[in-house]
């Protein structure tokens, strides 16, 4: 009995050694890529990783989901502290400044140059690249899954309510909403308390600052000012629409979020990410006519570009040199026009390079029914050259500041709290967070 | 005859204990030491030099009016949740202890919720009790806004207490049933002979004899309500601390501050305050309640 066990063990050991020695495995450098997608988006990213592994023989990428953007950042931090960080991490927009000050990464440009790739950095849309670049314009991470907020509306419902105009200003949104309501629709405009759409995107398209100086780009001494801008008018305007029963809150606490509210045709207008375009197209009843437009602006306001959302890919410092060769190869691979187009098709994310976008436009991608309208996201992102208010948001611990804002919005829209008082309080508490962040990184400057 | 190993030198027993000691040091004292260290500094998320700030992190916590709200909400949640879970567990245990037909099945049914993870239970209840759909929708159709945890803070608090109690009643039930079954039957029978009905027997005979179990459950349930991972899981899955901070329990704030805000130092300081608070409660419980508990 004992002998058999020993023999089996030995045989196993031999087999393992033989496998280990086989050239196919021994020569491949394996490296990890952590990301925050789940569900369909995760499957699509796994497809991309598989394609990369099939296309070359030197490297093997292991793509591992961390369940959400926030968890990816948290796990990357924990792993970095334990010196077990992945070679590449997908970090969402709100984590950008935390990453930049961490010194735990290798700048995008340096990585590609060191590994012999020439990238035309000017090929990235400035409206996208600026979010992840230093003040001097040096890209720190690779723009990957980029999105922006869009205005979705149900054309069928518009026709039934006799609306002939497009909802391109807030005044028209209200007018359309009143007509929809008169036609018997219970939720003309569905909204939630997500500061990304409500505060950030609104402020950008109206060229309003969220914080000074330059939304944090010019220093860690940033001060939140959104409680003194047109954002206050917007909150009051939506509050007025809520009182008219034109605007209706849809949150997961109430049992239905805005994307589902739109695709189930409960609500006829929403603001949400262009990344949801694919899912909404798949889930809305076949034959429904709907479209996306750029976010509305107030009448008499000059429209500016919206902000890029989504995430970028950061290459983490402290990995063996061989892994960086692989990481660079992977980043180069997914940036190729055909890969960029494939990714943009199967998700809803927009192409991040001009050549990628031009190629897709040329082959008629945006003319086909399920993808029609997605080009307006690019239009929105490139509507004007980036300014201090539309370049991006570079604030520390920004997730927590977002939470202060959404709590204020919740109090305003659910509990009828005073608009100005709540926004003042959110700004004050947000500023305390910024001051703590500034002290944590005392002596460091933004570059 | 008594069997006893005698070690002449001191290092042999130490060697036996060493793996355990290493594990305790590694997984308990080391993290605690890090928490104490971070509580007095401003720890950058990715590491690196951290400035010493003394008690500033504690002062920040105490200076925040919402922090005190979270202390109050935690107190209400833990007390109401613990007492309700114990009470329901007790009623169920008394019922099952009567040896009616089918008690075996009920025993299984009552313990089952405990096997469900807190966040999963929370998700289920969020849908069951969502104001615009599920059971509550028909209530709201009759009386508008009679139940809306997304709007009213007290409703939200009731909601998470219901989930907590639903989950932990099975746990208290098992302990209390075991306790009841160790009460000598002769005592109940004697009481019955004297003409005591089921209620009298429960109040005068069984419950006093359960006092040690009840006390144990009170301490553990209160602690669970304050710092349990389920407590965080439920709040995280159901209300996310809202509406307008109404369900921001202390433990939720700590995790939120640490992992969402990347404010490890503030969260560490709040952890120390929370541990201190639990120590005070446990002390009070032992000092004043345990005196009235009679162990056999």
Residue under evaluation residue B:242, criteria (1) at negative phi; (2) without any contact (Cβ under 8 Å) to a residue 24 or more places away in the chain; (3) touching a helix residue (DSSP H, G or I) at 6+ places or on another chain (Cβ under 6 Å); (4) crowded, with 20+ Cβ neighbours inside 10 Å, criterion not met: (2)
When you look at residue B:133, is it free of Cβ contacts under 8 Å to residues at least 24 places away in the same chain, surrounded by fewer than 18 Cβ atoms within 10 Å (Cβ to Cβ), more than 15 Å from residue B:168 (Cβ to Cβ) and more than 24 Å from the chain's Cα centre (by Cα), yes or no? yes
Can you tell me which residues in the stretch B:239-257 are farther than 24 Å from residue A:254 by Cα and within 9 Å of chain A (Cβ to nearest Cβ)? B:257
Find the residue count for the stretch B:53-80, including only residues that are away from chain A (no Cβ under 14 Å) and in a loop (DSSP other than H, G, I, E, B). 1
Checklist (1) buried (at least 21 other Cβ atoms within 10 Å of the Cβ); (2) assigned to a loop (DSSP other than H, G, I, E, B); (3) over 18 Å from the mean Cα position of the chain (by Cα) applied to residue A:295, failing item: (3)
Restricting attention to the stretch A:374-394, does a residue exist that is within 14 Å of another protein chain (Cβ to nearest Cβ) and closer than 22 Å to residue A:98 by Cβ? no
Within the stretch B:182-225, tally of residues that are over 22 Å from residue B:290 (Cα atoms) and in contact (Cβ under 8 Å) with a residue 40 or more places away in the chain: 1
Answer with yes or no whether residue B:50 is farther than 20 Å from residue B:250 by Cβ, surrounded by fewer than 18 Cβ atoms within 10 Å (Cβ to Cβ) and away from every other protein chain (no Cβ under 12 Å). no
Using the structure shown, decide if residue A:90 is within 14 Å of chain B (Cβ to nearest Cβ) and in contact with a helix residue (DSSP H, G or I) (Cβ under 7 Å, 6 or more places away or on another chain). no
Would the stretch B:100-122 turn up any residue that is within 13 Å of another protein chain (Cβ to nearest Cβ), within 20 Å of the chain's Cα centre (by Cα) and assigned to a helix (DSSP H, G or I)? yes
Any hit, the stretch A:220-243, residues being touching a helix residue (DSSP H, G or I) at 6+ places or on another chain (Cβ under 9 Å) and at positive phi: no
Going residue by residue through the stretch A:398-409, is there one that turns out to be loosely packed, with under 15 Cβ neighbours inside 10 Å, at pLDDT 90 or above, out of contact with any strand residue (DSSP E or B) (no Cβ under 9 Å at 6 or more places or on another chain) and facing chain B (nearest Cβ under 10 Å)? no
All but one of (1) closer than 10 Å to residue A:190 by Cβ; (2) crowded, with 21+ Cβ neighbours inside 10 Å; (3) modelled with pLDDT under 95 hold for residue A:271; which doesn't? (3)
Taking the condition of being part of a helix (DSSP H, G or I) and either modelled with pLDDT under 90 or away from chain A (no Cβ under 12 Å) (or both), how many residues in the stretch B:36-47 meet it? 3
Among the residues of the stretch B:270-284, are any at pLDDT 90 or above, within 14 Å of chain A (Cβ to nearest Cβ), touching a helix residue (DSSP H, G or I) at 6+ places or on another chain (Cβ under 9 Å) and assigned to a helix (DSSP H, G or I)? yes
Candidates A:326, A:300 - the one that is more than 29 Å from residue A:394 (Cβ to Cβ) and part of a helix (DSSP H, G or I): A:326
Determine, yes or no, whether residue A:98 is more than 14 Å from chain B (Cβ to nearest Cβ) and either under 25 Å from residue A:199 (Cα atoms) or in contact (Cβ under 8 Å) with a residue 12 or more places away in the chain (or both). no
Given the options B:93, B:33, name the one that is away from chain A (no Cβ under 14 Å), at pLDDT below 95 and under 24 Å from the mean Cα position of the chain (by Cα). B:93
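Conditions (1) touching a strand residue (DSSP E or B) at 6+ places or on another chain (Cβ under 8 Å); (2) surrounded by fewer than 18 Cβ atoms within 10 Å (Cβ to Cβ); (3) at negative phi, marked per residue:
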residue	(1), (2), (3)
A:76	yes, no, yes
A:81	no, yes, yes
A:88	yes, no, yes
A:95	no, no, yes
A:99	yes, no, yes
A:104	yes, no, yes
A:109	yes, yes, yes
A:117	no, yes, yes
Is the stretch B:231-238 home to any residue that is within 14 Å of chain A (Cβ to nearest Cβ), touching a strand residue (DSSP E or B) at 6+ places or on another chain (Cβ under 8 Å) and assigned to a helix (DSSP H, G or I)? no
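Conditions tested, residue by residue: (1) on the phi > 0 side of the Ramachandran plot; (2) in contact (Cβ under 8 Å) with a residue 12 or more places away in the chain.
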{"residue": "B:10", "(1), (2)": "no, no"}
{"residue": "B:13", "(1), (2)": "no, no"}
{"residue": "B:33", "(1), (2)": "no, no"}
{"residue": "B:39", "(1), (2)": "no, yes"}
{"residue": "B:47", "(1), (2)": "yes, no"}
If residue A:328 meets every condition in (1) within 21 Å of residue A:57 (Cα to Cα); (2) without any contact (Cβ under 8 Å) to a residue 12 or more places away in the chain apart from one, which number is that one? (2)
Boolean, residue B:197 is more than 14 Å from chain A (Cβ to nearest Cβ) and modelled with pLDDT under 85: yes
Does residue B:30 satisfy being in a helix (DSSP H, G or I) and surrounded by fewer than 14 Cβ atoms within 10 Å (Cβ to Cβ)? yes
Out of everything in the stretch A:243-266 that is more than 13 Å from chain B (Cβ to nearest Cβ) and not in a loop (DSSP other than H, G, I, E, B), what residue ends up being nearest to residue B:241 (Cα to Cα)? A:258
In this structure, does residue B:165 turn out to be surrounded by 15 or more Cβ atoms within 10 Å (Cβ to Cβ), away from chain A (no Cβ under 14 Å), at pLDDT 90 or above and on the phi < 0 side of the Ramachandran plot? yes
Give the residues of the stretch A:410-447 that are out of contact with any strand residue (DSSP E or B) (no Cβ under 6 Å at 6 or more places or on another chain), part of a helix (DSSP H, G or I), facing chain B (nearest Cβ under 9 Å) and under 22 Å from residue A:100 (Cβ atoms), sorted by residue number. A:432, A:433, A:436, A:437
The stretch A:62-74 - residue that is in contact with a strand residue (DSSP E or B) (Cβ under 7 Å, 6 or more places away or on another chain) and surrounded by fewer than 16 Cβ atoms within 10 Å (Cβ to Cβ) and, of those, farthest from the other protein chains (Cβ to nearest Cβ): A:62
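The values are calculated or read from the model by the stated rules, or taken from the named source; none is laboratory data. Worth saying up front: this structure is predicted, and the values here are computed from it rather than measured. Note that each Cβ is placed from the backbone with ideal geometry, even for glycine, and that neighbours are counted across all protein chains shown.
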